[in-house]
Amino acid sequence: MLCSLAIFTLSGCWNYREVDKISTVAGIAIDKGEEEGQIKLTVEVVDGMGGQDAMSVGSARISLSGKTMFDIVRRMITESGNRLYWAHAKSIILSEEIARDGAAKIIDWYVRDTETRADIHILVSGEKTAEEVLTSDGKSGEPLSYKIDDILKNETSVSNSPTTEIYDFADTINTPGISSILPMVYSSENKGAKTASIRGSAVFDIDRMLGRMNAHDTKFVLFLRDEVKGGILTLGGYNRPPGISLEIFKNKTKVEPVLVDGQVEIRIKTHTVTAVDEVQENVDYYTAKGRADIEKMAEGMLVKEMENVIEIAQKRYKQDIFGFGDRIHKKMPKVWKSLEPNWDDKFSRLKVSVQAKVDIKGTASIKKPIKTGGGE
């Protein structure tokens, strides 16, 4: 009797769809339409002919304009011949024009709809349009959106750009005391084939883009946000002593709000564990004293660069992209109530002190230096 009753709970998929009756969306580009009051949606659709692996088969693109996202999405059925499947989409690219006009009204449908997933990456196009980036794939025909996903997954080895999923962006918009940054994506060329390049970040006031930060400055923004998991610290350069590359193994940034004479201040301490991975000059890195000197040099560089991006955020944008306000909110909720109404102005005058500690734990596979050419 129990086995018979169990049959009614194993009825299978009630709303299944055949694979050949749907089109799988890999990525999305959103621009303003040619007519006033319209937006243009370009979707990259995986071409999965013959049941092969979609990652190696290729892609096609569909573009359509309309007044709302959902209206365009439904009308795209007439263009593709199939209903679009959104759960495997990897990236949404906004044009700078759309981002400056306000991203929230554009992403509302994607966050709200039940057929989409909120773990999709969101980026801002560094080119004139978002469509221009999405259509700049290489000769292989592999979906560009999958390449972008791979780049962002490996971004921890570089730390030159944030990796932001759409639910994080939507959550930050609604969180007091922190402003959003999104990665910038560009069209680039490699061996005659156009592809995507991700570097730097877009700075937002709530959901409106204000401007850009380059890749170098973005790295130290990520230090202050405690989002650095890897990457390289460079001291000097080619023919500029000491010419050293330190590989980051791990980093921890502590942001502590304190009251000093009734005024809130922010104290930041970073601890970065590294290894010497390149030495271009005759530098003592193999003795304790030599490594201590390099550590001190790296600490000074980190403090200088972090102070620089804090000044950019305070003076140029007046946006708390580091989340200092959110830390104050959590640690000093009563104090935050008086600061929140005019936080942008208060943030621009906030006193911030930075300390950095760098530890060198190894020298890769070579303990002694390779001698460089000497002088006369």
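The values are calculated or read from the model by the stated rules, or taken from the named source; none is laboratory data. Keep in mind that this is a model prediction, so the values were computed, not measured. For neighbour counting, all protein chains shown are included, and Cβ atoms are generated from backbone atoms with ideal geometry for every residue, glycine included. These accessible areas exclude ligands, DNA and RNA; they are computed on the full protein's heavy atoms, side chains included. Shrake-Rupley method; radii C 1.70, N 1.55, O 1.52, S 1.80 Å.
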> Among Ala6, His271, Thr164, whose Cα lies farthest out toward the positive end of the dipole of the chain, if unit charges sit on the beta carbon of Lys, Arg (+1) and Asp, Glu (-1)?
Replying inline: His271
> If amide H atoms are built 1.01 Å from N in the plane of the peptide, which residues on other chains or at least 5 residues away come under 5 Å of the amide H of Gly362?
Replying inline: Val276
> Which parts of the range 166-180 would a label at Leu210 reach, counting a residue when its backbone N lies under 13 Å from a point 7 Å out along Cα-to-Cβ?
Replying inline: 177-180
> Karplus couplings for the range 178-195 from phi (6.51 cos²θ - 1.76 cosθ + 1.60, θ = phi - 60°), rounded to Hz, Gly and Pro as x?
Replying inline: 7, 10, 7, 10, 10, x, 9, 10, 10, 8, 10, 10, 9, 6, x, 10, 7, 8
> Once both labels are modelled 7 Å past Cα along the beta-carbon direction, what's the Lys254-His88 spacing in nm?
Replying inline: 4.7
>> Can you show me the helix-derived [θ] at 222 nm for the chain, built from DSSP H runs with n ≥ 4 at -39,500 (n - 2.57) apiece and divided by the number of residues, rounded to the nearest 500.
In response: -8000 deg cm²/dmol
> Given the convex hull over the Cα atoms of the chain, what projected area results after averaging over all orientations, in nm²?
Replying inline: 28.6
> Over the range 235-286, what percent of the accessible surface lies on carbon and sulfur atoms, probe 1.4 Å?
Replying inline: 43
> Full extension from Ala288 to Asp261: what is 0.36 nm times the residue separation minus their Cα-Cα distance, to one decimal in nm?
Replying inline: 5.6 nm
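If the limit is 20 Å between Cα atoms, which of Lys191/Lys219; Lys153/Lys250; Lys153/Lys254; Lys90/Lys153; Lys219/Lys252; Lys90/Lys219 go over it? Provide the component values of the computation, followed by the final result.
On the way: Lys191/Lys219 28 Å; Lys153/Lys250 17 Å; Lys153/Lys254 25 Å; Lys90/Lys153 11 Å; Lys219/Lys252 14 Å; Lys90/Lys219 23 Å.
Over 20 Å Cα-Cα: Lys191/Lys219; Lys153/Lys254; Lys90/Lys219.
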> What is the gain in length, in nm to one decimal, between Thr135 and Val335 on full extension, counting 0.36 nm per residue of separation less the C-alpha to C-alpha distance?
Replying inline: 67.1 nm
>> Using amide H atoms built in the peptide plane, which far-off residues or other-chain residues are under 5 Å from His88 H to H?
In response: Val25
> Counting pairs of alpha carbon atoms under 8 Å apart in space and at least six apart in sequence, what relative contact order in percent does the chain give?
Replying inline: 12
> For labels at Leu5 and Ser188 in the simple 7 Å Cα→Cβ model, what's the distance in nm?
Replying inline: 6.3
> Using the Karplus equation 6.51 cos²θ - 1.76 cosθ + 1.60 (θ = phi - 60°), what ³J(HN,Hα) coupling, rounded to whole Hz, does each residue of the range 302-316 give in order, writing x for Gly and Pro?
Replying inline: 4, 4, 4, 5, 5, 4, 5, 6, 5, 5, 4, 5, 6, 8, 7
> So, with +1 on the Cβ of K and R and -1 on the Cβ of D and E, and no other charges, what is the size of the charge dipole of the chain about its Cα centre, to the nearest 20 debye?
Replying inline: 1100
> Ignoring ligands, DNA and RNA, what percent of the 1.4 Å accessible area of the range 144-195 is carbon and sulfur?
Replying inline: 42
> Taking θ as phi - 60°, what are the ³J(HN,Hα) couplings along the range 279-288 by the Karplus curve (6.51, -1.76, 1.60), each to the nearest whole Hz, with x for Gly and Pro?
Replying inline: 9, 8, 10, 6, 10, 6, 10, 9, 10, 4
> Mind ordering 299-311, 191-203 by average Cβ neighbours within 10 Å, highest first?
Replying inline: 191-203, 299-311
> If you roll a 1.4 Å probe over the heavy atoms of the protein chains, what accessible area per residue do you get for the chain, in Å²?
Replying inline: 54
> Amide H neighbours of Ala356 under 5 Å, counting only residues 5+ apart in sequence or on other chains, H built in-plane at 1.01 Å?
Replying inline: Thr270
